[in-house]
1. Six or more apart or on different chains, Cβ under 6 Å: which pairs go from a residue in region 299-325 that's more than 27 Å from residue 132 (Cα to Cα) to one that's at pLDDT 95 or above and among the aromatic types (Phe, Trp, Tyr)? Could you list them?
2. Listed residues 94, 133; which is more than 16 Å from ligand 2 (Cβ to nearest atom), assigned by TED's automatic domain parsing to the domain that holds residue 173 and more than 27 Å from residue 450 (Cα to Cα)?
3. Look at region 248-275 and say how many of its residues are crowded, with 16+ Cβ neighbours inside 10 Å, away from ligand 2 (no atom under 14 Å from the Cβ) and assigned to a loop (DSSP other than H, G, I, E, B).
4. Which condition from (1) closer than 22 Å to residue 511 by Cβ; (2) within 16 Å of ligand 3 (Cβ to nearest atom) is the one that residue 304 breaks?
5. How about region 565-591: which of its residues are part of a helix (DSSP H, G or I), under 28 Å from the mean Cα position of the chain (by Cα) and polar (S, T, N, Q)?
6. Is at least one residue of region 24-35 at positive phi and either crowded, with 21+ Cβ neighbours inside 10 Å or in contact (Cβ under 8 Å) with a residue 24 or more places away in the chain (or both)?
7. For region 225-259, which residues satisfy the criterion of being within 15 Å of ligand 1 (Cβ to nearest atom), modelled with pLDDT of 95 or more and among the small types (Gly, Ala, Ser)?
Amino acid sequence: MTANSGNQALSTNKQLLDWVDQCAKMTKPDQIVWCDGSEEEQRRLTEIAVAQGVLEPLNQEKLPGCYYSRSNPNDVARVEHLTFICTPTKEEAGPTNNWMAPADAYKKLSGLYDGAMKGRTMYVVPYVMGPLGSSSSKIGIELTDSVYVVLNMRIMTRMGKAALQMMGDGNEFNRGLHSTLDVNPERRFICHFPQDNTIWSVGSGYGGNVLLGKKCLALRIGSYLGRNEGWLAEHMLILGVESPEGEVTYVAGAFPSACGKTNFAMLIPPKRFHGWKVTTVGDDIAWMRVGSDGRLWAVNPEAGYFGVAPGTSMKSNPNAMLSVRKNTLFTNVARTKDNDVWWEGKDGEVPEELTDWQGRPWKKGSADKAAHPNSRFTSPAANNPALSKFWDDPQGVPISAIIFGGRRATTVPLVVQSFNWTHGVYFGATMGSETTAAATGKVGVVRRDPMAMLPFCGYDMGSYFQHWLAMQSKIPMPPKIFMVNWFRQNAQGKFVWPGFGENMRVLKWVIDRARGKVGGQETKIGWVPRPGDLDLSDMDISEEDVLEATKIDPVEWKRELEAQGEWFDSLGSTVPKALRLQRELLLERIK
Ligand code: GTP
Ligand code: SPV
Ligand code: MN
């Protein structure tokens, strides 16, 4: 590529031009290319990516418009230990985030950015998070030297001219700078400057580290903006449940990474629920604001799915399988002889021979996984057969229920409804996942992941809980809050609840409760379905497993509440008194 062969700036916004110029002076790219988001551009960039070996075409007959990418084996997931919140004080970032002083972070990363784009192209990627024309949406510009990032951002966000139009001459946009550098973990940092609406990412080329609109802007910076502006930026799926009569109820749900959001958002109800339909609004992130009608309204800031491939099959998630048949980028999955994709848990026979995610020959029966466990597909929302009519609606959808779900082998029952908003916030604040017998010596150790936001909250966790509590007074008609657990295990380590499509049975109770259509039974930890309330007909599950899945064991719960107290202690003095009081009340009840 020749020097100065870039294109004309697509904006006359002075602040934007100055900032791009500043970043170019520091990183010294050979050329600057402004992205317009057009199909022509996508074709051109795809050709460049193929020529560079960044993308490889897959079998175009089976998978039209699909390409394959392999990341550096040292760069296969988000790096929480290298992710920093750079607020003026450490207290603002709180005890659960890594912190660097802004001046130190800018200095350190400036050193790494110096000349980092020599011999490379700097792409200027304008994008909108949220529906175009929505007052909830936010604009970002990502400067990146990775054509892979550009092509992924084009699927995951509303990318191109529309963002520049929305921005006009304004100065309110997120400034994201990304350089892949030499993909060395020693020189990898993901730094957030909430006060400056700025993100600096170096040394990675993968997922949430580099698709800056996603976790960095929509959650870490988003949560900070949400607190200041009175809304919620959450790691939540959004789905609609449509009854045979056509009544639609919207539900948002927080589950930690790789704990089932995409699966739940695309759920296909079992035969028993003939006439019922679940539609997807979003599978990972929800931005929620109070509407003029007093309800909580949610938009999905994203435009695509960056979904976990392993475990995805026509049995577990048909809508995801149908979504990845065209115009999809696959990263770190395995490949078949005829250039199709494969991963553990995909339908059909395990192929005799594959090329694994590192490009090595792989044979059936090998102890190594052929696809990386965090291998992913990037596909446009428009591909999803279950896509909600309202997924792109500037107003969003009104949320009737919020579900918090951890991955708990013990203690937490299939479903519980909170007594009230504060108790519901308590559910979210204390959720987590348990290490299982698979990890020696650590059975039953719970890693808390409040609201599934532990790696994504851009400020102090106790203050975030306080923001959640304070939202109550702003929402005249708040959603009901539930806690679920699809992952309870029996003594043999087997999941007692079949999950996936069968989760519809729980979802049905949740929406009926939210609409006041069904009763419940009060227990010491919340409301649960009465015997018979949960529709278990035509289901392949033993009575014993149902009991195990729904059991509330006072001994386990006493231990749990004590552990929750230690969790709050670890978060320090900003944990709201109301949540500590909530714990004491629950402990009194359980004793
Ligand atoms: P991120 O994209 O990382 O935020 O993940 P996610 O929350 O969208 O998780 P996803 O839906 O991709 O699910 C990840 C894995 O969880 C799947 O491969 C399944 O193995 C498992 N899983 C999802 N739903 C269920 C369920 O209902 N029951 C059980 N037992 N496992 C599930
Ligand atoms: C998650 O880890 O929750 C993801 C994947 O959704 S990433 O975009 O890499 O954060
Ligand atoms: Mn996620």
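The values are calculated or read from the model by the stated rules, or taken from the named source; none is laboratory data. All figures in this text were calculated on a predicted structure; none of them were measured in a lab. Cβ sites come from the backbone with ideal geometry, for glycine too, and all protein chains shown count toward neighbours.
1. Partner pairs satisfying both residue conditions: 309/343; 309/377; 310/343; 316/500.
2. Exactly one of 94, 133 is more than 16 Å from ligand 2 (Cβ to nearest atom), assigned by TED's automatic domain parsing to the domain that holds residue 173 and more than 27 Å from residue 450 (Cα to Cα), namely 133.
3. The number of residues fulfilling the criteria is 5.
4. For residue 304, the exception is condition (1).
5. Hit for region 565-591 is 570, nothing else.
6. From region 24-35, those at positive phi are 28; that's our starting set.
Of the ones still in play, those that are also either crowded, with 21+ Cβ neighbours inside 10 Å or in contact (Cβ under 8 Å) with a residue 24 or more places away in the chain (or both) are 28.
Within region 24-35, one or more residues are at positive phi and either crowded, with 21+ Cβ neighbours inside 10 Å or in contact (Cβ under 8 Å) with a residue 24 or more places away in the chain (or both).
7. Result: 233, 252, 253, 254.
Here is a yes/no grid of residues against (1) at pLDDT 95 or above; (2) assigned to a loop (DSSP other than H, G, I, E, B); (3) among the hydroxyl-bearing types (Ser, Thr, Tyr); (4) on the phi > 0 side of the Ramachandran plot:
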| position | (1), (2), (3), (4) |
| --- | --- |
| 390 | yes, yes, no, no |
| 400 | yes, no, yes, no |
| 423 | yes, no, no, no |
| 456 | yes, yes, no, no |
| 465 | yes, no, no, no |
